[in-house]
Amino acid sequence: MSQVPTTDTDRARDYLVANSHKSQFLASVLNYWERHGVITEKQLSAVLRQIEQDKSGKRASVNPVTEVGMYRNSQGVFRVKQSKRGSFYAMRFVPEASTKSERFVYEAGAIYELSASDRMTIEQAQEIGALAGVCCVCGADLTNEKSVRAGIGSVCAKRV
């Protein structure tokens, strides 16, 4: 008869051992645990969220976003940014918005619907920008004809 996990830490450890083959993220947390004997509160929270998502049937990304950039999935185009605390968040691209500040709108929970494989190449992002007449990086209106065709402003083009 197997023991039922009694603490969140026990639940997380059992889950990681059983599921680490499913994602790079879970494998990395288990590897960290094995090397250090503990995991951080942030890692524990992420694993517990994953457990709850699995229970609820809501599928979390098995290939989570780990870098800033432009992403596209069936729900739209998103710009992923990183907060000062280090967590990632997603902003929906709204090309028809009238001002630059409205072109990327924070969308709660959208980061969990994206996966690393949804990341757009610079060429794909430029295509979206050219269609909308806005910079694919910052969302600014493009006025220079060369920039409009490229889908990226000259300042942002130097940074990517």
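Add -39500 (n - 2.57) for each DSSP H run of 4 or more in the chain, then divide by its residues: what number comes out at 222 nm, to the nearest 500 deg cm²/dmol?
Estimated from H runs of four or more residues: -12000 deg cm²/dmol.
Give the share of C-alpha pairs in each 5 angstrom bin for the range 69-159, from 0 to the last occupied bin, in whole percents, shortest bins first.
Once binned at 5 Å, the Cα pair distances of the range 69-159 give 3, 16, 26, 25, 19, 9, 3, 0.
What FRET efficiency, computed as 1/(1 + (r/R0)^6) with R0 = 35 Å and r the Cβ-Cβ distance, is obtained for ALA116 and ARG149, rounded to the nearest 0.05?
0.75
Under the 0.36 nm per residue contour assumption, what length would be gained going from the current alpha-carbon distance of ARG72 and ALA18 to full extension?
16.4 nm
Along the Cα→Cβ direction, 7 angstrom out, place labels at SER28 and TYR106. What is the inter-label distance in nm?
According to this spin-label approximation, the distance is 2.4 nm.
Using the scaling law 2.2 N^0.38 Å as the reference, what is the normalised Cα Rg of the range 28-123?
My calculation over the Cα atoms of the range 28-123 gives 1.24.
How big is the chain by the Kirkwood estimate over distinct Cα pairs, in Å?
After inverting the mean inverse Cα-Cα distance, the result is 17.7 Å.
Excluding the sites themselves, what is the longest stretch of the chain that contains no GluC sites (Glu not before Pro) in a DSSP loop with at most 11 other C-beta atoms within 10 Å?
So the longest stretch without any such site is 1-66.
Please tell me which of these pairs span more than 30 angstrom C-alpha to C-alpha: LYS55/LYS100; LYS22/LYS100; LYS22/LYS158; LYS42/LYS158; LYS84/LYS158; LYS84/LYS146?
Table pairs above 30 Å Cα-Cα are LYS55/LYS100; LYS22/LYS100; LYS22/LYS158; LYS42/LYS158; LYS84/LYS146.
As a test of understanding, state the convex hull volume per residue of the range 8-56 from its alpha carbons, in Å³.
66
Read-outs: derived from the displayed coordinates by stated rules, not from any lab. Just so it is clear, the structure is predicted and the values come from calculations on it, not from any experiment. No Cβ is skipped: glycine too gets one built from the backbone with ideal geometry, and neighbour counts run over all protein chains shown.
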